[in-house]
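Worksheet: the structure to be examined is printed underneath.
The values are calculated or read from the model by the stated rules, or taken from the named source; none is laboratory data. Bear in mind that the values here come from a model prediction, so they are computed numbers and not experimental data. All Cβ positions, even for glycine, are placed from backbone atoms using ideal geometry, and neighbour counts span all protein chains on display.
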Amino acid sequence: MLFTRSFLTLLSLVALVAADPLISRHVLHEKRAHTPAGWARSRKHDAAAVLPLRIGLTQSNMDRLEEMLLEVSDPDSPSFGKHWNAGKVAQTFKPSDETVSTVHEWLKTSGIHPSRIRLTKAKTWIEVNATVEEAEQLLQTEYHVYTHESGKEHVACDAYHVPEHVSKHVDIIMPSIHFDAVIKRDGASSHTLSNIGQPGVGLTPKTTGTISDLLTQLENCDQQITPICLRALYNFVYIPVATSKNSYGIVEYTPQAYLQSDLDMFFTNFSKGQVGQSPKVVSIDGGYAQTEYTGFGYNGESDLDLQYGMALVNPQPVTLYQTGDMVEGASFNNFLDAIDGSYCTFEGGDDPYNDATYPDPYGGYEGPEDCGTTKPAYVISTSYAYNEADLSPAYAARQCAEYAKLGLMGTTVLYSSGDNGVAGNSGVCLNADGACTQSSSATGFNPSFPGTCPYITSVGATQVVAGHSVYQPESACMEVIYSGGGFSNYFAMPSYQQSAVQHYLAAYPPPYSASQYNATGKSRAFPDLSANGANYVVAVDGQFELVFGTSASSPVMGAILTAINDARLALGKGPIGFINPTIYSAGFTGAFNDITNGTNPGCGTPGFSAEPGWDPVTGLGTPNFAKLLARWLLLP
Ligand SMILES: *[C@@H]1O[C@H](CO)[C@@H](O)[C@H](O)[C@H]1NC(C)=O
Ligand SMILES: *[C@@H]1O[C@H](CO)[C@@H](O)[C@H](O)[C@H]1NC(C)=O
Ligand SMILES: *[C@@H]1O[C@H](CO)[C@@H](O)[C@H](O)[C@H]1NC(C)=O
Ligand SMILES: *[C@@H]1O[C@H](CO)[C@@H](O)[C@H](O)[C@H]1NC(C)=O
């Protein structure tokens, strides 16, 4: 009897517990499938150690993000071109009061005194310094110390849990399963270019060496690309007139840096009036064009991007976002923090493990982190990328959403699609373990990020085939580099590209299995378009070199879109903003040069093939400036 009664009491207690949302059961929140290459678990973390626990709160209205972005960027929408200001963006997506209080209550009832709980100024993160023991209880996990081959240590867990009722209010918790991005360096003296944290390691442009004879005639564009070749290829004759209203930004990550002497050498031969001209440098987190280290690995990317970016939009000034100091470098998130104050927090870095922290605790830049300190340019080109599999889905999704916000504000964001065809940076592919591990002998296609983010415009590479003229169709680039392209394993297919991609899959079914690529036909496909990426004549360290890469394609595309913005601004219209819904629309059919020859080999295969219409090698094709301009001028 007594036994039964206490059993009943127990039952009612259980019912009570289940009904009380404050103590609902924990559910899995994020799980890492593998330990990244180079890292090994070395020991359980000390229970008394303190972790700077940061809880990323779910933003409001994220389920409507794509719809809102399409409203201002779909040419058929009545609100096309009605871009938002930064205040409206911040207001629309800031976490709800309910989200803030639910997470706060959870911490409090778990025994964390409210005085230890801090909400960041932008109200997007909750921070608490928790002991490992406390964090392990809160998240029902175990923290371990991992050691990198380089000797660096990192604290992480394999998976973590949060109470069921809290789950929908939490986006991501740091430190937890994440390993990506910046690997802190020992100091300037020991810094190397091979640190895996730099975006785009393995994706620097390639050079085949110095050129002895400059070939400057249009007949030679199959051997050397110079600005006149690009103007002829893309029907691009335009002199900007609205330069004071317009802007074009190129992003570089220190230690990558341009040399003024290289710009001048290039301008002397290809754009005389620009000798002595420099980009407008916006320094982010201590970034500066360092001259301490030189060589193609340090100057190749920046020299390429700026020589072509500046020459093609002259007299429009180009803004250089030089990001990160010499010690820590920086990640894409650090750049995004600088151009959008609501993205960053009030005390540096989105996450001290993934992103560089400023002031630099390792002895570099001692100023505060840049946070909303500069306005985004109308077109921003970046020739750096990660492999999607380097990043966790939640981390990638959070960053991808930020690109959508830039689109809402009228900025066009371009990223190069990668130089290894269907393989990732450095040619690595995905192992068949379904766990995102990568190796050079693997066979799973390895898409690039942010290429796979549906809210950026991904730019692939083409080339003038040897013996062909600029008046013949280009092919997918198959010299030195292969155009990055394929299908995301993280992001669903956006509506704007559905009919184009489905046409490709139906008309030219790829001869690969679902174990090689995401064959569901439901994932984001890239690139969106392309431009020449082979045989660029670039002045690097006082010599002309022949350079290859989607690294070239992106700034050239950016220059062409900047000219379109110029013409629109001159007529009192707004910038073109997020272009994907427009370029895939019926009204733009025929405005690109369709590329139908070549493939993008990788992972032991010939890759996908370029075909009529959109394809996962060259996207919709290369720009025909005159046609694009005419169509964009017809839009409101
Ligand atoms: C956590 O500790 C660090 C270092 O002592 C301190 O600077 C920071 O303000 C603390 N953060 C919180 C949320 O208490
Ligand atoms: C490039 O410029 C240098 C310096 O003015 C000049 O000597 C050289 O002839 C130029 N080369 C070509 C092919 O125009
Ligand atoms: C394919 O992409 C979809 C949409 O992003 C995703 O839900 C699915 O998990 C992906 N499949 C594989 C095998 O990666
Ligand atoms: C197609 O590309 C291949 C490889 O670059 C090239 O050899 C061939 O001439 C191209 N064909 C055409 C029609 O452009």
Could you tell me which of the residues 426, 417 is touching a residue at least 40 places away in the same chain (Cβ under 8 Å), polar (S, T, N, Q), surrounded by 24 or more Cβ atoms within 10 Å (Cβ to Cβ) and away from ligand 4 (no atom under 16 Å from the Cβ)?
-> 417
When every residue in region 372-431 that is of a type in the set (Ser, Thr, Tyr) and part of a helix (DSSP H, G or I) is compared, the one modelled with the highest pLDDT is 403
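Can you pull out the residues in region 239-262 that are of a type in the set (Gly, Ala, Ser) and over 21 Å from residue 275 (Cβ atoms)?
242, 244, 247, 249
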Flag for residue 513 being away from ligand 1 (no atom under 16 Å from the Cβ) and outside any strand (DSSP E or B) | yes
If we ask which residues in region 131-167 are within 19 Å of residue 32 (Cα to Cα), part of a loop (DSSP other than H, G, I, E, B) and of a type outside the set (Asp, Glu), their number turns out to be 4
Of all residues in region 76-104, which are in a helix (DSSP H, G or I) and either within 20 Å of residue 51 (Cα to Cα) or among the hydrophobic types (A, V, I, L, M, F, W, C) (or both)?
-> 86, 89, 90, 93, 100, 103, 104
Examine region 522-544 for a residue that is within 25 Å of residue 500 (Cα to Cα), in contact (Cβ under 8 Å) with a residue 24 or more places away in the chain, surrounded by fewer than 24 Cβ atoms within 10 Å (Cβ to Cβ) and within 20 Å of the chain's Cα centre (by Cα), and state whether such a residue exists.
-> yes
What number of residues within region 432-442 are crowded, with 18+ Cβ neighbours inside 10 Å and assigned to a loop (DSSP other than H, G, I, E, B)?
-> 3
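Would you check if residue 51 is farther than 24 Å from residue 143 by Cβ and in contact with a helix residue (DSSP H, G or I) (Cβ under 7 Å, 6 or more places away or on another chain)? Steps first, answer last, please.
Numbers: farther than 24 Å from residue 143 by Cβ: no; in contact with a helix residue (DSSP H, G or I) (Cβ under 7 Å, 6 or more places away or on another chain): yes.
Spelling it out, it is not the case that residue 51 is farther than 24 Å from residue 143 by Cβ and in contact with a helix residue (DSSP H, G or I) (Cβ under 7 Å, 6 or more places away or on another chain).
If only one of 562, 582 is surrounded by fewer than 24 Cβ atoms within 10 Å (Cβ to Cβ), modelled with pLDDT of 95 or more and assigned to a helix (DSSP H, G or I), which one is it?
582
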Might you let me know whether region 453-471 holds any residue that is part of a loop (DSSP other than H, G, I, E, B), more than 16 Å from ligand 2 (Cβ to nearest atom), among the hydroxyl-bearing types (Ser, Thr, Tyr) and crowded, with 19+ Cβ neighbours inside 10 Å?
-> yes
Assess whether residue 504 counts as being of a type outside the set (Lys, Arg) and either surrounded by fewer than 19 Cβ atoms within 10 Å (Cβ to Cβ) or under 17 Å from the mean Cα position of the chain (by Cα) (or both).
-> no
What strands (runs of 3 or more DSSP E), lying completely within region 197-302, carry at least 1 residues that are touching a Phe, Trp or Tyr at 6+ places or on another chain (Cβ under 6 Å) and closer than 17 Å to residue 553 by Cβ?
-> 206-210, 248-253
Matching residues, region 411-447, being of a type in the set (Asp, Glu) and over 30 Å from residue 250 (Cβ atoms) | 433
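Evaluate region 460-471: report whether one residue or more is closer than 17 Å to residue 387 by Cα, within 16 Å of ligand 4 (Cβ to nearest atom) and small (Gly, Ala, Ser).
yes
Conditions (1) among the hydroxyl-bearing types (Ser, Thr, Tyr); (2) within 16 Å of ligand 1 (Cβ to nearest atom); (3) under 22 Å from residue 621 (Cα atoms), marked per residue:
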site	(1), (2), (3)
428	no, no, no
448	yes, no, yes
454	no, no, yes
468	no, no, yes
473	no, no, yes
476	no, no, yes
Looking at region 599-635, which of its residues are surrounded by fewer than 24 Cβ atoms within 10 Å (Cβ to Cβ), of a type in the set (A, V, I, L, M, F, W, C) and assigned to a helix (DSSP H, G or I)?
-> 625, 626, 629, 630, 632, 633, 634
Any hit, region 485-498, residues being among the aromatic types (Phe, Trp, Tyr), in a helix (DSSP H, G or I), within 16 Å of ligand 3 (Cβ to nearest atom) and at pLDDT 95 or above = yes
Report the residue count in region 111-130 for those that are in contact (Cβ under 8 Å) with a residue 12 or more places away in the chain and either within 12 Å of ligand 1 (Cβ to nearest atom) or in a helix (DSSP H, G or I) (or both).
-> 11
Would you pick out the residues in region 443-452 that are assigned to a strand (DSSP E or B) and under 26 Å from residue 405 (Cβ atoms)?
-> 448, 449
Hey, residue 56 small (Gly, Ala, Ser) and more than 16 Å from ligand 1 (Cβ to nearest atom) or not = no
Every residue from region 264-302 that is in contact (Cβ under 8 Å) with a residue 40 or more places away in the chain and under 14 Å from residue 226 (Cα atoms) | 265, 266, 267, 269, 270, 271
Within the bounds of region 65-83, is there any residue that is over 27 Å from the mean Cα position of the chain (by Cα), away from ligand 4 (no atom under 16 Å from the Cβ), surrounded by 15 or more Cβ atoms within 10 Å (Cβ to Cβ) and aliphatic (A, V, I, L, M)?
-> no
Would you check if there is a residue in region 96-112 being among the charged types (D, E, K, R), at pLDDT 95 or above, in contact with a strand residue (DSSP E or B) (Cβ under 9 Å, 6 or more places away or on another chain) and away from ligand 3 (no atom under 16 Å from the Cβ)?
-> yes
Name the single residue, out of those in region 472-493 being surrounded by fewer than 20 Cβ atoms within 10 Å (Cβ to Cβ) and within 28 Å of residue 403 (Cβ to Cβ), that is nearest to ligand 2 (Cβ to nearest atom).
-> 493
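Can you tell me which residues in region 129-165 are under 21 Å from residue 27 (Cα atoms) and either surrounded by fewer than 16 Cβ atoms within 10 Å (Cβ to Cβ) or of a type in the set (Lys, Arg) (or both)?
133, 137, 142, 164
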Hey, any hits in region 114-128 for a residue that's farther than 25 Å from residue 394 by Cβ, surrounded by fewer than 19 Cβ atoms within 10 Å (Cβ to Cβ), at pLDDT 90 or above and out of contact with any strand residue (DSSP E or B) (no Cβ under 6 Å at 6 or more places or on another chain)?
-> yes
